Amino acid sequence: MALDPAEQHLRHVEKDVLIPKKMREKARERCSEQIQDFTKCCQDSGVLMVIKCRKENSALKECLTAYYTDPAFYEECKMEYLKEREEFRRTGIPAKKRLQKLPTSM
């Protein structure tokens, strides 16, 4: 289902806050291996983590930056945001609440 071009207009807060937030969340999911490696290194290194975990930190930064600077990734997140916004406008139910399971017994 294609979105109406008029519905694709973005407010300042959507362009500069909400879509970048979605990008950060999705990039963290996609860089989960690097996050796990960095976290494990930090836990194993204690106070020396600044020195010992440079390689893991660099790999994590590189992975996240690759997503943050990818125009196709921005477009993907923007379209996902627009679909969620359209669904919210139609139903009045935020995406987080729609995704929650309904109780099986009442």
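Derivation of every value follows stated rules applied to the coordinates shown; laboratory data play no part. Note that the coordinates shown come from a computational prediction; the quantities given were computed from them, not determined experimentally. Cβ placement follows ideal geometry from the backbone for every residue including glycine, while neighbour counts extend to all protein chains displayed.
If the chain between H12 and R30 were fully stretched, how many nm would it gain, using 0.36 nm times the residue separation less the Cα-Cα distance?
On the way: separation 18, 0.36 × 18 = 6.48 nm, distance 2.64 nm.
Using 0.36 nm per residue and subtracting the Cα-Cα distance, I get 3.8 nm.
Can you tell me the Rg and the Dmax, both Å, for the Cα atoms in the stretch 20-92?
16.3, 52
Using the number of other C-beta atoms within 10 angstrom as an exposure proxy, rank F38, F88 with the fewest first. Each step should come with its number before you reach the end.
On the way: F38 20, F88 14.
Result, fewest neighbours first: F88, F38.
What's the exposure ranking of I51, I93, going from fewest to most Cβ atoms within 10 Å?
Numbers: I51 8, I93 12.
Fewest-to-most Cβ neighbours within 10 Å comes out as I51, I93.
For K96, K40, K26, what's the fewest-to-most ordering of other Cβ within 10 Å of each Cβ?
Numbers: K96 8, K40 12, K26 15.
Neighbour counts put them in this order, fewest first: K96, K40, K26.
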